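The values are calculated or read from the model by the stated rules, or taken from the named source; none is laboratory data. Predicted model, so just to flag it, every value in this text is computed and none were measured. Note that we place each Cβ from the backbone using ideal geometry, even for glycine, and neighbour counts take in every protein chain shown. Areas reflect the complete protein model, heavy atoms only, side chains present, ligands, DNA and RNA absent. Shrake-Rupley method; radii C 1.70, N 1.55, O 1.52, S 1.80 Å.
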2 protein chains.
Amino acid sequence: MGVEEISISAPGKVILHGEHAVVYGKAAIAGSLDLRFHLNLKKTRDVSIALALPDIGISQRVELSALQSQFYSMFQSESQREPVPASDDVIAALKNFLHLDKDSHDTKQLAVVAFLYIYCSIFMVKRELPSICVEMKSEIPVGAGLGSSAAFSVALSAALLQLAGVVTSEQISDSLAAWSATDLDIINKWAFIGEKVIHGQPSGIDNSISTYGGALRFQNGEKTRLDRIPTLSLMLVNTQVPRSTKKLISDFRHKYNTYKEIFEPVLSSVEAITEKAQLSLQLFKETSDTSHHDTLGDLMDMNHQFLNLMGVGHSSLDQIVATACDHGFHGKLTGAGGGGCAIILLPSDADAVVLEKMKAKFDSLGFQVFPKTSFGGRGVMQHL
Amino acid sequence: MGVEEISISAPGKVILHGEHAVVYGKAAIAGSLDLRFHLNLKKTRDVSIALALPDIGISQRVELSALQSQFYSMFQSESQREPVPASDDVIAALKNFLHLDKDSHDTKQLAVVAFLYIYCSIFMVKRELPSICVEMKSEIPVGAGLGSSAAFSVALSAALLQLAGVVTSEQISDSLAAWSATDLDIINKWAFIGEKVIHGQPSGIDNSISTYGGALRFQNGEKTRLDRIPTLSLMLVNTQVPRSTKKLISDFRHKYNTYKEIFEPVLSSVEAITEKAQLSLQLFKETSDTSHHDTLGDLMDMNHQFLNLMGVGHSSLDQIVATACDHGFHGKLTGAGGGGCAIILLPSDADAVVLEKMKAKFDSLGFQVFPKTSFGGRGVMQHL
C-alpha cells in the first residue's frame with residue numbers, strides 16, 4: 001500500500017445485436033463502449049472516506065471510526081480474492097448508517113452502499129481502513145442502458161483491490177497499466193457484487209464487458225468472450241427519452257403471445273442477424289475487407305426495423321437512423337429501445353465534414369451526441 | 001340483340017396481404033376494390049366502332065367495313081364461349097390496322113387492340129358486326145397496381161358478350177343486373193384474353209377478382225375464391241410516386257439472396273400474417289365481433305413494416321401509415337410498393353370528422369385520396 005494515488009477508468013457497454021431476442025433464448029452480442037467511467041483515488045490523512053461523483057450529485061463523507069465501530073463484526077471473512085455477496089442484513093445496516101430509506105431503490109444512493117460494502121469487505125478484515133478521497137466522473141450517460149453502474153463497480157473494485165494489494169497492475173504503455181487475466185477475474189467478481197447491491201439481480205454481462213473489454217456473446221445465461229473482434233468506430237446518440245425496460249419487455253411479450261406465428265420467425269431473423277454480425281466481425285478483423293464492415297451496417301439497419309416490428313422503437317430513434325441513412329451511414333437503436341440510445345457505425349474513412357454535419361443535425365434535434373466512440377475496445381485500465 | 005344500350009361496371013383489385021411473398025411461393029390475398037371501371041355501350045347507325053376513354057386520352061373510330069374486309073378471314077373459329085388466345089399474327093395485324101408501332105407496349109394503345117380483338121372474336125364469325133359507341137370512365141387510378149386494365153377487360157367482355165347474347169344478365173335489384181356463375185366464367189375467360197393482349201403474361205388474378213368480386217387467395221399459381229369474406233371499408237391513398245414492379249421484385253430478390261437466413265423467416269412471418277388475416281376475415285364475417293376487425297388492423301401495420309424490411313417501402317407510404325396511426329387507424333402499402341398506393345382500414349364506426357381531417361392531411365401532402373371505398377364487394381355488374 002505504498003501508492004498515494006490510483007487513477008482508473010472502465011468502459012460502458014453497448015448491445016450490438018440481439019436485445020429483446022435474448023429474453024427468448026436467442027444469442028446477443030454486446031461489447032465495451034469507449035465512454036469511460038473515471039475514478040481517482042487519493043490517500044488522505046483525514047481518517048475518513050470522501051466520495052464525490054458530482055455528475056450525479058453524489059458527495060459523501062464517512063468517518064472511518066464510525067464505520068469501524070459499527071461494521072467491524074460484520075466483515076470478518078478472509079475472502080478478498082473470492083468475495084461474498086452482501087447479505088440483506090449488512091445492506092440494511094449500511095443503508096441505516098447512511099440514513100437511507102431501507103427500501104430505497106435509488107441507484108445513486110445504492111452506489112454509495114455498494115462502495116462501502118466493497119470497501120469494508122476488502123479492508124475491514126485487516127483492521128487497516130485506509131483514509132481515502134475518491135473522485136469520480138462518468139462519460140457514460142446514466143440510466144441509458146450503457147452500463148454506467150457496472151463501469152462504476154468495476155473501476156471501484158479495481159481501485160480498492162489495487163490499493164489493498166490484492167491485484168497488481170503492470171505497465172503496458174507510457175500512460176497505462178493493466179491487470180493479468182487472473183487479476184481481472186478477481187476485479188470482475190467484486191464488481192459483480194457491487195452490481196448486485198445496486199441492481200439486485202444483474203446478468204453479470206455489463207461488469208464482464210467493463211472489466212475485460214472486447215465483446216461478449218450471451219445466450220441462456222451463458223457468456224462467451226468473442227476473440228478476434230475488431231474495434232468499431234461508433235457515433236452514439238442519446239435521445240434522452242426516458243423509458244422502462246421492464247414495460248418494453250412485457251409489451252413485446254404480449255405482442256409475441258398474441259401473434260406467435262408472426263414473431264417466432266422475427267426472433268429467428270434477429271438471431272440470424274446476430275450470427276451474421278459475429279461472423280462479419282471476425283472476417284473484418286481477419287481480412288480488413290471493408291465489405292464485411294458494410295455488411296455490419298446493413299445488419300444494423302435491418303435489426304432496427306425488426307426492433308420496430310417488435311414494438312420497442314420510438315420516433316426519435318427512427319429519426320436518428322433516418323438521419324444516419326441520409327448521411328450515408330447505418331445505425332440502430334441499442335438496448336431496450338422505446339427511447340434511450342442509438343448507435344451509428346462509422347467507417348474508418350468517414351468524411352469529417354459529413355460527420356460534423358450529422359452531429360449538428362442531432363444537436364438541433366435536442367439529442368446528446370458522442371460523436372466518436374468505439375465498440376470492442378479496452379476494458380478497465382489504470383492511468384499512470 | 002334487341003338491346004340498344006348496355007351499361008356495365010367492374011371493380012379494381014387490391015392486395016390485402018402477401019405481395020412479394022407470393023413470388024416465393026407464399027399465399028397472398030387480394031380482393032375487389034370498389035373503385036369501378038364504367039363502360040356504356042350504345043348501338044349506333046354509323047357502321048363504325050367509336051371508343052372513348054377520355055381519362056387516359058383514348059378516342060378511336062373504326063369503320064366496320066374496313067375491319068370486316070381486313071379481318072374476316074382471321075376470325076372464323078366458332079368459340080364465343082371458349083375464347084382463343086390472340087395469335088401474334090392477329091395482334092400484329094390489328095396493330096398495323098391501328099397504325100401502331102408493332103413493338104408498342106403502351107397499355108393504353110394495347111387496350112384498343114384488346115378491344116378490337118375481343119370484338120372481332122365475338123362478332124366476326126356471325127358476319128354481323130354491330131355498330132356501337134362505347135364510352136368508358138375509370139375511377140381506378142391507372143398504372144397503380146389496382147387492376148384498372150383487368151376491370152377494363154372484364155367490363156368490355158361483359159358488355160360485348162351481353163350484346164352478342166352469349167351471356168344473359170338477370171335483374172337483382174331496381175338498378176342492377178348480374179350474371180350466373182356459368183356466365184361469369186365465360187366473361188372471365190374473355191377478360192383474361194384481353195389481359196393477355198395488354199400485359200403478355202398476366203396471372204389471371206386481376207380479371208378473376210374484377211369478374212367475381214369478393215376475395216381470392218393465390219399461391220403457386222393456384223387461385224382459391226374465399227367465401228364468407230366481409231366487405232371491409234378502406235381509404236385508398238395514392239402517393240402517385242411512380243415505381244417499377246419489376247425492379248422492386250428484383251431488388252428484393254437480391255436482398256433475399258444476400259441475407260437468406262434473415263429473409264426466409266420474414267417470408268414465414270408474412271405468410272403467418274396472410275393466414276391470420278384470412279381467419280380473421282372469416283371470423284369477422286361469422287361473428288361480427290369487432291376484435292377480429294382490430295386484428296386485421298394490427299396485421300396491416302405489421303405487414304407494412306415487413307414490406308419495409310424487404311426494401312419495397314417508400315417514405316411517402318410510411319407517411320400515410322404514420323398519419324393513419326396518428327388518427328387511430330391502421331394501414332399498409334399495397335402491391336409492389338416503392339410508391340403506388342396504401343390502404344387504410346376503416347372501422348364501421350369511424351368518426352366522419354376524423355376521417356375528413358385525415359383526408360385533408362393527405363390532400364395537403366399532395367396524395368390522391370379515395371376517402372371511402374371497400375374491399376371484397378361486388379364483381380362485374382350491369383346497371384339498368
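Axis-proximal residue of chain A for the rotation onto chain B, reported as residue and distance in whole Å: A:Pro265, 2, based on Cβ position.
Per residue, how much space in cubic angstrom lies within the convex hull of the C-alpha atoms of the protein assembly as shown? Walk me through the numbers before you get to the answer.
Numbers: hull volume 137.9 nm³, N = 768.
Spelled out: Cα convex hull of the protein assembly as shown, divided by residues, is 180 Å³.
DSSP beta bridges confined to chain B are antiparallel in about 95 percent of cases. Placing +1 on the Cβ of every Lys and Arg and -1 on the Cβ of every Asp and Glu, with nothing else charged, gives chain B a dipole about its Cα centre of roughly 580 debye.
Nearest-5 percent of antiparallel DSSP beta bridges in the protein assembly as shown? Intermediate values should be presented prior to the final figure.
Working: 120 of 128 bridges.
If I count the DSSP bridges inside the protein assembly as shown, around 95 percent turn out antiparallel.
Rounded to 0.05, the FRET efficiency of the A:Ser288 and A:Lys43 pair, given R0 = 45 Å and the Cβ-Cβ distance, is 0.45. If R0 equals 22 Å, the separation of the Cβ atoms of A:Asp363 and A:Lys137 corresponds to a calculated FRET efficiency of about 0.50. The Cβ shell under 11 Å around B:Ile186 holds other residues with a net charge of -1, Lys and Arg each +1, Asp and Glu each -1. If the chain linking B:Glu356 and B:Val23 were pulled fully straight, counting 0.36 nm for each residue of separation and taking away their Cα-Cα distance, it would gain 116.2 nm. The tail of the calculated P(r) for segment B:254-384 beyond 25 Å holds 33 percent of all Cα-Cα pairs.
Restricting the calculation to alpha carbons of segment A:173-212 gives Rg and Dmax of 11.7, 39 angstrom. Could you check the simple spin-label distance between A:Thr168 and B:Asp326, using points 7 Å along Cα→Cβ, in nm with one decimal? Once both label points are built, they end up 6.7 nm from each other. Packing order of peptides A:99-106, B:42-49, highest average first: B:42-49, A:99-106 (average count of other Cβ atoms within 10 Å over each peptide's residues). Calculated FRET efficiency, B:Met74 to B:Glu5, Cβ-Cβ distance, R0 = 41 Å: about 0.90 to the nearest 0.05.
The base-10 log of I(q)/I(0) for segment B:160-244, evaluated at q = 0.24, 0.26 Å⁻¹, reads -1.26, -1.28 [Debye formula, identical scatterers on Cα atoms, solvent excluded]. Here the protein assembly as shown is treated with +1 on each Lys and Arg Cβ and -1 on each Asp and Glu Cβ, and its dipole about the Cα centre works out to around 40 debye.
Determine, for each peptide in B:307-318, B:193-204, the mean count of other beta carbons within 10 angstrom over its residues, then list the peptides with the highest first.
Values: B:307-318: 21.3, B:193-204: 18.9.
Ranking, from highest mean packing down: B:307-318, B:193-204.
Copy-to-copy label distances for B:Lys372, where each label lies 7 Å from Cα along Cα-to-Cβ, are 6.0 nm in order of increasing length.
Projecting the Cα atoms of A:Val22, A:Leu35, A:Ser65 onto the charge dipole of segment A:1-131, computed from C-beta unit charges around the Cα centre, puts A:Leu35 farthest toward the positive end. Put simply, when B:350-362, B:157-169 are sorted by average Cβ atoms within 10 angstrom per residue, most first, you get B:157-169, B:350-362. Taking all Cα-Cα distances within segment A:285-358, those exceeding 19 Å account for 35%. For segment B:19-170, the fraction of C-alpha pairs farther apart than 23 angstrom is 41 percent.
Between copies, the label points of A:Gln68, set 7 Å from Cα on the Cα→Cβ line, lie 12.5 nm apart, reported in increasing order to one decimal in nanometres. For chain B, hydrophobic long helices are taken as DSSP H runs at least 15 Å long by C-alpha position along their axis with mean Kyte-Doolittle hydropathy of -0.5 or more; these are B:107-123, B:148-164, B:181-199, B:260-287, B:315-326, B:352-364. For segment A:100-140, treating each Cα as an identical point scatterer without solvent, what Debye log10 I(q)/I(0) comes out at q = 0.25 1/Å? Rounded to two decimals, the profile gives -0.95. For A:Lys102, neighbours were defined as the other residues whose beta-carbon sits under 13 Å from its Cβ, and their charges (Lys and Arg +1, Asp and Glu -1) total -4. Take each residue of peptide A:305-315, count the partner chain Cβ atoms within 10 Å of its Cβ, and average: the result is 3.
Evaluated with a Cβ-only charge set (Lys, Arg +1; Asp, Glu -1), segment B:232-375 carries a dipole of roughly 680 debye about its Cα centre, given to the nearest 20.
Per Stokes-Einstein, at 4 °C and 1.567 mPa s, what whole-number D in µm² s⁻¹ belongs to chain B, with the Kirkwood radius over Cα pairs as the hydrodynamic radius? Rounded, D is 60 µm²/s. Take the Cα radius of gyration of segment B:7-70 and divide it by 2.2 N^0.38 Å, N being the number of residues; the result is 1.77. The calculated 222 nm mean residue ellipticity attributable to helices in chain A amounts to -14000 deg cm²/dmol, summing -39500 (n - 2.57) over DSSP H runs of n ≥ 4 and dividing by all residues. Of A:Ser69, A:Ser87, A:Ser32, the residue with the largest accessible area leads and the full order is A:Ser69, A:Ser87, A:Ser32 (1.4 Å probe).
Each copy carries a label point for B:Val23 at 7 Å from Cα toward Cβ; from one copy, the others' points are 3.4 nm away, ordered from shortest.
Electrostatic bookkeeping for A:Ile91 treats Lys and Arg as +1 and Asp and Glu as -1; over the other residues with beta carbon under 15 Å from its beta carbon, the sum is -3.
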